[in-house]
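Here is the structure we will look at, set down as structure tokens.
The values are calculated or read from the model by the stated rules, or taken from the named source; none is laboratory data. In this text, all values refer to a predicted model and were calculated from it rather than measured experimentally. Here the Cβ is made from the backbone with ideal geometry for all residues, glycine too, and neighbour counts use every protein chain on show. To get the accessible areas, we keep the full protein, side chains included, count just its heavy atoms, and leave off ligands, DNA and RNA. Shrake-Rupley method; radii C 1.70, N 1.55, O 1.52, S 1.80 Å.
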Amino acid sequence: MSLSFKIFDSLYNPADRRRQPSECKKFSCFSNETLSFQLIAENDGESVWDCSLEIASDLPVRARREELVPAGFLMHPWSDDYVFTKDQHVFYDYLTPLNTGRFCLRGGFRNAYWFTVGGEDLPAGRHKILLTVKDGAGEVLAQKEIAVTVYPQKLPESDLAVTNWMHYDCICNYYGVSPFSEKFWTLTGAFIRSAVEHGINTSYVPMFTPPLDTAVGKERRTIQLIDVKAENGKYSFGFDKFDRFISIAEGCGVKYFEMSHLFTQWGARACPKIIADTPEGKKRIFGWDTPSDSAEYTSFLESFLPALEAHITALGIKDRTFVHISDEPNEKCIDLYARHKALFRRLIPDLKHIDALSEIAYLDRKLVDIPVAASNAAAPFIASGAEYWAYYCTSQCTSYVSNRLMNMPHARNRVLGVQLYKSGAKGFLQWGFNFYNTYLSHETVNPFLVTDAGGGFQSGDAFIVYPAPDGVYDSPRYEVFREAMQDYRVLMLLEKYIGRPAVLDFLKEEGIEGYSVYPRGAKPLLSLRKKAEALIASASRKADNRSQ
């Protein structure tokens, strides 16, 4: 039997057979961030059963096993080459608890284990973590000691609005629960809480069933927080479920709220599905068959949007709320979109309007308050000087822009944090937190077996978490995304000491020029982080000396 145990940083992907970095046993973090590292156990012989792991440390350490999932569709024909494989593959993509009981070191296999060290008040100083792996007879198979330096400074709260769209119908479909049942609320709270723990501070609010990723003429499961009563052309609204959602989200730490889209995706030509209580009973009053600029829907919005504004004002969240018109409108529908925006301005001029888009013409014509620009099309939005957010999805696999697809190196995921800081973005959006459907939602999928939306999106685009019995299983990509958001906060802290111009000079020296131009690979990114920590430590000492 041949067993080999090595410690690696979080940017090592065990599925990447090309990268063989040196073993790493020294790590550092600030007192309120989460640190990750990996133990890789290569077993060239038979499986070793009944193994156990002992962790000795004064720091809180969580151990999980990295589990495999299949990936089918990985590359568009136009995808760039910043990937570690182009072939159908299996990836280590979800993390399950490494029980304090027994586990198996699989034979002929690269066994991977993910460790997180984190908390709000990690004690400053130098610490050690001792990992001991034993077989069933109690014989020590490996001992690994890791040194962790915890800096005393606390990272500031992020000033980014970060959202990953949560798909609440997918929660219902996977778990077999009814919308707005007690089990639904419990699961939704667990999903939101996990998102906040990973740097996502904005919740997508399904006022009505979101008109997203749905085939024309088809429907997704009804997820509607706002109760509507329609009678004689007049409307009234109930906000009880809406209020409960907001309360749960705020209780989990959510800061910002995105109201679901008022019109359909990719053109704003139709209406979202809206169910109402009518004299004839409960029925759908709007949907694909309703033109978006119809008199009927305009009348509905004239009643609903002022009521929404009044309600969120009363809740105290108006200044933290964003409203969508349509996702990714194209140049062909710009005049229709302009009419929708005119209605928006007339009815709720004080609410912030955001939309994901790639066409600068929408900003030039002042049709969007805060554009959410595709990262590979962000340059003109940045050059305009306007407030903007960035996003990526299936199409951002070109020009080496950041993304978190399964076959991309983890460094391509993590570099996002420093890029958002460099570009001055005020927010970040990704559409697929837990989209467990096929493309256009024709069918539901088992995310442990189908990771590419039935061939519609590259594996890794549609979701970043997996459903656990009572919440989520994190993915390594999700953990690395959290590190990207922490890197952003590290630069915020550095800015407090030396100012933003000096931080930008530092990033330029490190080769961070934009979303496409940056040093690729893990080593330069980890080096940048170490240098930022050193600059903060030095600036902090100088500040302390001046105050004495």
For the chain, convex hull of alpha carbons as volume per residue, Å³: 154 Å³
Karplus ³J(HN,Hα) for the range 456-471 (6.51 cos²θ - 1.76 cosθ + 1.60, θ = phi - 60°; Hz, whole; x = Gly/Pro) runs x, 9, 4, 4, x, 7, 7, 7, 10, 10, 10, x, 8, x, 10, x
Output for the range 1-105 (equivalent-ellipsoid semi-axes, sqrt of 5λ from the C-alpha gyration tensor, Å, descending) is 27, 20, 14
Given points 7 Å out from each Cα along the Cα-Cβ axis, report the Asp240 to Lys154 separation in nanometres with one decimal. 3.9 nm
For the range 358-500, report the % of Cα-Cα distances exceeding 24 Å. 39 percent
May I ask you to give the solvent-accessible area per residue for the chain, in square angstrom, as obtained with a 1.4 angstrom probe? 39 Å²
Ordering 484-497, 231-244, 309-322 by per-residue average of other C-beta atoms within 10 angstrom, highest first, gives 484-497, 309-322, 231-244
Long-range amide H partners of Phe91, meaning residues 5 or more apart or on another chain whose placed amide H is closer than 5 Å, are Val69, Ala71
Taking N as the number of residues in the range 291-388, what is its Cα Rg relative to 2.2 N^0.38 Å? 1.13
Ordering 459-469, 383-393 by per-residue average of other C-beta atoms within 10 angstrom, highest first, gives 459-469, 383-393
Full-extension gain between Glu219 and Glu302, please, as 0.36 nm times their residue separation minus the C-alpha to C-alpha distance. 27.4 nm
Isotropically averaged projected area of the range 179-219, using the convex hull of Cα atoms (one quarter of hull area), nm²: 3.8 nm²
Lys426 paired with Ala383, simple spin-label distance in nm, labels 7 Å along Cα-to-beta-carbon: 2.2 nm
Gyration tensor (alpha-carbon) shape descriptor, the range 177-259, a/c threshold 1.5: prolate
Express in nm, to one decimal, how much length is gained between Lys352 and Asp335 on full extension, taking 0.36 nm for each residue of separation and deducting their alpha carbon distance. 4.1 nm
Going by amide H atoms built from the backbone, whose H comes under 5 Å of the H on Val228, apart from near neighbours? Gly238, Asp277
Given unit charges at Cβ for Lys, Arg (+) and Asp, Glu (-), the dipole magnitude of the chain about its Cα centre in debye, nearest 20, is 940 debye
Calculate the all-directions average of the projected area of the range 508-548's alpha-carbon convex hull, and give it in nm². 3.3 nm²
Would you work out the relative contact order for the chain, in percent, from Cα pairs under 8 angstrom that are 6 or more residues apart? 16 percent
Ranking request for peptides 410-418, 149-157: highest mean number of other beta-carbon atoms within 10 Å first, then the rest in descending order. 410-418, 149-157
Could you name the lysines whose alpha carbon sits less than 30 Å from that of Lys134, not counting residues in the same chain fewer than 8 places away? Lys6, Lys25, Lys26, Lys144
Enumerate the residues in the range 1-32 having an amide nitrogen under 11 Å from the point lying 7 Å beyond the Cα of Asp135 toward its Cβ. 1-3
Taking the inverse of the average 1/r across all pairs of different Cα atoms in the range 436-548, what Kirkwood radius in Å do you get? 17.3 Å
Computed label-point distance, nm, for sites Arg345 and Lys26 using a 7 Å Cα→Cβ extension: 5.9 nm
Antiparallel DSSP beta bridges within the chain, percent to nearest 5: 70 percent
Size of the range 93-156 as Cα extents on the principal axes (Å, biggest first): 44, 28, 20
Could you pull the accessible area for Glu443 with a 1.4 Å probe, rounded to 10 Å²? 120 Å²
Return the long-range amide H neighbours of Gly456 (sequence gap of 5 or more, or a different chain), with a cut-off of under 5 Å between placed amide H atoms. Tyr439
Under 11 Å, Cβ to Cβ, from Cys252 - net charge with Lys/Arg +1 and Asp/Glu -1: 0
Pull out the extension gain between Ile498 and Ala314, defined as 0.36 nm times the separation in residues minus the alpha carbon to alpha carbon distance; nm, one decimal. 62.2 nm
I'd like the FRET efficiency for Ala543 and Lys144, computed as 1/(1 + (r/R0)^6) with the beta carbon distance as r and R0 of 41 Å, rounded to 0.05. 0.65
Short version: ³J(HN,Hα) in whole Hz for each residue of the range 119-125, in order, from phi by Karplus 6.51 cos²θ - 1.76 cosθ + 1.60 (θ = phi - 60°), x for Gly and Pro, what are they? x, 7, 9, 5, x, 5, x
PRE reach from Arg126 (point 7 Å along Cα→Cβ): which of the range 132-156 fall under 19 Å by backbone N? 144-153
How fast does the range 202-302 diffuse by Stokes-Einstein, in µm²/s, taking the Kirkwood radius from C-alpha pairs at 10 °C and 1.306 mPa s? 110 µm²/s
